[in-house]
Structure formats: C-alpha cells, structure tokens
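What follows is a single structure, written as structure tokens, with notes after it.
The values are calculated or read from the model by the stated rules, or taken from the named source; none is laboratory data. This one's a predicted model, so the numbers in the text were calculated from it and none came from an experiment. All Cβ positions, even for glycine, are placed from backbone atoms using ideal geometry, and neighbour counts span all protein chains on display.
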Amino acid sequence: MYVENYEAPFGNLILNCSELGLTRVSVGKVAVEKNHPLLRLAKEELNQYFRGERQSFSVPLDIQGTEFQKKTWTCLQKIPHGCIISYKELAQKVATSKHCRAVANANNKNKLPIFIPCHRVVGSDRSLVGFAWGVEVKRELLRNEGVGGFPTPSTHKRENTFIK
C-alpha cells in the first residue's frame, strides 16, 4: 500500500492506493508517506476539482465492497457534478425505495468520498444529512460544485430528482 497526505481546503486528507488504483480517502495526516504515481495523479485531480477546473475524475479506483455496495457506488458516480439526489431517489435507482437504509449504509461504507461522490446525496427535504466527515465538509464540497442554500431538516420539499 502507498499513502500520501493531501491538504484540502477544509483540512488534511490521507490518500491510499494499491497498484490497481485509489483505495481510500480519509481525514487525517500520516507521519510517513509512501509515494506512488497514482497518488500524484489523485492529488493533481483534487487540486483541479477544488479550483473548479474538474468535474469528474480519471484516476483508477480499486473498489472493495459487497455487490450491493458496488452497485450503490456506481449509481453515485452517475450523479452529475453540481447536482444532488435524495437517499430515497438513490435507493430507487439501486433497488427500490424500500432500500433507503441499505443505500445509506453503503454510502457510509464508501472509502472514496469525493471520487465516489456520496456528498451529493441529501435528505428528502433537501437537508444535509449523513456524511462521515461532517455536514460542514459536505456543505463545502457542494458549494465547490456550485450547490448551496440548504435548509434545516423538514423545511423544504424537493420537486426535481437532480438539482443544481
């Protein structure tokens, strides 16, 4: 395994990769880095993303998870940059609307936030809920994509599947 630090606008991240691709993005900082060309590519693409120059990523991902998780994460990658979707809507795309908890759990198990954009999933009332790095980081990621104006829970009803 290879590991490098990355300084995001909201704090320090740790990037991990295998020979096959990026395996994990987490909050924190490591004392000793073990460099790899894929990590340099990931850092370059993150820099472009945070400058508003990149809307999707090309760095290979080495995704590990159950079939249901992988299906959920594939759907997450199809949410356009600058758009959001509710957990219920995502569940309908993955299986049925009855699978909201399973989809939320798969989002929680996503080891590649930003690259697999789980931050684009919000509550049915368009409120910011359920992000491992905290709601404020989720808000910043969405602002970076041009999405803002989030209400507190239960104060706004959504009309569109994808909202800019």
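Observations, loosely collected:
- If the condition is being among the hydrophobic types (A, V, I, L, M, F, W, C) and either within 16 Å of residue 14 (Cβ to Cβ) or at pLDDT below 95 (or both), then region 42-53 contributes 42, 46.
- For region 107-119, the count of residues that are under 19 Å from residue 132 (Cβ atoms), among the aromatic types (Phe, Trp, Tyr) and in contact (Cβ under 8 Å) with a residue 60 or more places away in the chain is nonzero.
- Among all positions in region 54-61, there is at least one residue which is surrounded by 17 or more Cβ atoms within 10 Å (Cβ to Cβ), closer than 19 Å to residue 142 by Cα and at pLDDT 95 or above.
- Restricting attention to region 96-114, the residues that are surrounded by fewer than 19 Cβ atoms within 10 Å (Cβ to Cβ), modelled with pLDDT under 90 and assigned to a helix (DSSP H, G or I) add up to 2.
- Residue within region 25-33 that is closer than 15 Å to residue 116 by Cα and touching a residue at least 12 places away in the same chain (Cβ under 8 Å) present: yes
- Some residue of region 80-91 being under 20 Å from residue 111 (Cβ atoms), in the same structural domain as residue 134 (by TED's automatic domain parsing) and not in a strand (DSSP E or B): yes
- Checking each residue in region 26-44 for being within 17 Å of the chain's Cα centre (by Cα) and assigned to a loop (DSSP other than H, G, I, E, B) picks out only 28.
- Hits in region 7-25 - residues which are in a strand (DSSP E or B) and surrounded by fewer than 16 Cβ atoms within 10 Å (Cβ to Cβ): 7, 11, 12
- Residue ID - surrounded by the fewest Cβ atoms within 10 Å (Cβ to Cβ), chosen from residues in region 62-95 that are more than 13 Å from residue 120 (Cβ to Cβ) and basic (Lys, Arg): 70
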